[in-house]
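The values are calculated or read from the model by the stated rules, or taken from the named source; none is laboratory data. On a predicted model such as this, the values are computed, not experimentally measured, just so you know. We place every Cβ from the backbone using ideal geometry, glycine too, and count neighbours over all the protein chains shown.
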Amino acid sequence: MRRLIAALSLFTVSAIAESWTGVIVDAKCGLKHADASEASRKCVEGCIKGGSAAVFAVDGKIFKLANPEVVKEHYGHKVVVEGTLDKGTETITVKSAKMAE
């Protein structure tokens with residue numbers, strides 16, 4: 001019975017995991033830097049270093065990140081993020097992030 005419950009729990013977690021393509025930006029400037037240009041990347045890095053939160057811009061919408069340390073090497077870049085979305089708080093818990101093609 002425990003194995004069945006464990007197997008169902010794993011299935012439930014994987015069933016709600018999602019994937020999005022967007023840009024890691026800062027909360028201060030937000031969508032202004034969703035173009036992932038070199039100038040935008042520099043501003044994003046500077047704003048986050050200055051204390052602004054890292055957020056995720058996807059299709060004209062901003063999502064908070066529950067664990068922004070996972071994406072810190074991708075500030076200002078277009079990435080594919082896998083994780084789960086808490087729709088109530090619009091916060092993504094990032095499982096992985098990789099550069100988008």
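A few comments on the model shown:
- Annotation note: of Glu45, Glu38, the sole residue that is surrounded by fewer than 19 Cβ atoms within 10 Å (Cβ to Cβ), over 16 Å from the mean Cα position of the chain (by Cα) and modelled with pLDDT of 95 or more is Glu38.
- Of the candidates Gly30, Gly22, Gly50, the single residue that is modelled with pLDDT of 75 or more and surrounded by 19 or more Cβ atoms within 10 Å (Cβ to Cβ) is Gly22.
- Strands (runs of 3 or more DSSP E) fully within segment 48-96 counting 1 or more residues that are at negative phi and of a type in the set (D, E, K, R): 61-65, 78-86
- Where Ser40 falls short, out of the listed (1) more than 14 Å from Lys78 (Cα to Cα); (2) touching a Cys at 6+ places or on another chain (Cβ under 9 Å): (1)
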